[in-house]
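Participant: What follows is a structure written as structure tokens; I'll ask about it next.
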Amino acid sequence: QHRGRSLPGAVGALCRALPPRARPAPDTLRCARFDRPQASLDFWRLLYALLKQIHGRKWAESDAIDNQIKFVKAALWYYGYDRSELYRLPSDGSVGSRELLLAFSWLLHRISLLEQLLARNRVKTGDETSVCTCEDDLPSSLKGTTEKAPEHGLEGGVDVRYLQWLNGRLRFQWRSLHAQHQEQCKLLHKIHLFTSGSHMDQILGHFSVTETDLVRQPENYKQLLQLLESETMQLEAFLEWKQLEPVYWQWMETVLDNMAEEGNMCESQDAHVEGSELPKVTLCCPWADSLTGQIDRLSRDLTTLRDQLHKLVTRRKAAWCEKVKTREEELQKEGFSATARKIQERVELKLLDLTYLCAPPKKGMHGSRRLVFRRKHPASKMVFGRSVSKESVSTVSATEVIRELQMREASLVRELKQLQEECRQRLDEVAEGLNGVICISP
């Protein structure tokens, strides 16, 4: 009874925590729980609007429904949602509301959907910038794909001149973006300098762009006040949702149980039509036999794969030992000591990389920071009759960020030079095998 009374509150808080333009009615989620067709279109539009906002793109309610569905399916595939039933839904949005409810709930947990939307749609009254000095290394899965990519090659081939044109266009756009960013910084500096000492908060000391605009156009404060009130209501709904969130997931467990029961009923009906013997079903767990059969099939498949892998490893090991033996004979002729020294250096470099990867990651500066203009002044000042230390506020100076970025740049330059040297050596090896060809380095 307690869960039944709390469920409408949890669903209502969840809906109120979503952005106003994409806010669904609570009845949409309840209808989707019973797979009602009338909730399918609303759910497709909801996911389309939310995912568009996360990706920072403009969206309109007048977009064709088939384009919305294609975008939602592509975005879910990008995030790793691999439930095939959703991708088999028709492009007209006529059915599948319960599948969409599952996908929506999966996004809530997988990518922290609400948190991302609240952070992206936050009303920014101050001048902010994003600071990130983290080293975003590729995951192991992505590294594997990038290493395997050159083996397959490009389908149909690509003209090198087209790649050079793309590279030049990218450089031009990057320089244009950099120039625009510099111009923005100059304008912000002028605003911060001319309004210095005008702010009530003496720690800040100057106005932001939004505050300056309100000084020039005071009538805009009503719109800003409405936005702040709407954001406050969303945050209050989010806090209520975090308290009632366990109730929502308990409800989703019942949705999954009902889907499993319906799936087993469909399987038993299909088996009866085909004339096969019905499986024995226990009263306490009707889907246990089906699950046990799937586990047995998976176990047999895994055993087969293990045997195949064992044979493959044995064969590869024998071939590798033969290559090593042949290589040892060649090295004895060429000079074993020099080659062994090079191999040892390479192994040491690999071990250093491994040590770096296994070491605890250095916590870099990351996140959104408010831009505050600082002159050379004492570390503390009087604010409303009391001393306030500058270190009491979590601040990051521009010199620290510049120093961190310069160190990162130097590391990347060293890595680039190493890769260029490896490519040059590889090209020299390839050129040695070409007869009648003279290669001149640029």
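The values are calculated or read from the model by the stated rules, or taken from the named source; none is laboratory data. The structure displayed is predicted, hence computed values, not measured ones. Virtual Cβ from ideal backbone geometry, glycine too; neighbours counted across all protein chains shown. The protein model used for the area step is the full one, side chains on, heavy atoms only, and it has no ligands, DNA or RNA in it. Shrake-Rupley method; radii C 1.70, N 1.55, O 1.52, S 1.80 Å.
Participant: Provide the gained length on full extension for the span MET259 to GLU345, in nm with one decimal, where the gain is 0.36 nm per separating residue minus the Cα-Cα distance.
Facilitator: 25.1 nm
Participant: Each label point is 7 Å from the Cα along the Cα-to-Cβ direction; what then is the distance between the points at ARG216 and VAL160, in nm?
Facilitator: 5.2
Participant: Put +1 on the Cβ of each Lys and Arg and -1 on the Cβ of each Asp and Glu in the range 396-436; which of GLN406, GLN425, VAL396 then has its Cα farthest toward the positive end of the dipole?
Facilitator: In the range 396-436, that residue is VAL396.
Participant: Further question: Around LEU193, what is the net charge, scoring Lys/Arg as +1 and Asp/Glu as -1 over all other residues with Cβ under 11 Å from its Cβ?
Facilitator: Cβ neighbours under 11 Å give a net charge of +3.
Participant: Are there trypsin sites (Lys or Arg not before Pro) in the range 34-65 that DSSP puts in a loop and that have at most 10 other Cβ atoms within 10 Å, and which ones?
Facilitator: Listed in order of number, the matching sites are ARG57, LYS58.
Participant: At a Förster distance of 41 Å, what's the computed FRET efficiency of LEU224 paired with ALA74, Cβ-Cβ distance as r, to 0.05?
Facilitator: The calculated FRET efficiency here is 0.70.
Participant: Another question, then. Evaluate the charge dipole of the range 1-132 about its Cα centre and quote only its size in Debye, nearest 20, assuming +1 on the Cβ of each Lys and Arg and -1 on the Cβ of each Asp and Glu.
Facilitator: 300
Participant: For the range 86-125, with every protein chain kept in place, what is the accessible area per residue (1.4 Å probe, Å²)?
Facilitator: I get 46 Å² per residue for this part.
Participant: Beyond 21 Å between alpha-carbons counts as too far, so tell me which of LYS73/LYS242; LYS325/LYS350; LYS52/LYS73; LYS58/LYS124; LYS124/LYS190 fall in that bin.
Facilitator: With Cα atoms farther than 21 Å apart: LYS73/LYS242; LYS325/LYS350.
Participant: In debye to the nearest 20, how big a dipole does the range 22-88 give about its Cα centre with +1 on each Lys and Arg Cβ and -1 on each Asp and Glu Cβ?
Facilitator: 140
Participant: Same structure, new question: If you roll a 1.4 Å probe over the range 396-436 with all protein chains in place, what percent of the accessible area is carbon or sulfur?
Facilitator: In the range 396-436, the share of accessible area belonging to carbon and sulfur is 54 percent.
Participant: Follow-up. With r defined as the distance between the Cβ atoms of ARG83 and LEU170 and R0 fixed at 45 Å, what FRET efficiency is calculated, to the nearest 0.05?
Facilitator: The pair ARG83/LEU170 has a calculated efficiency of 0.80.
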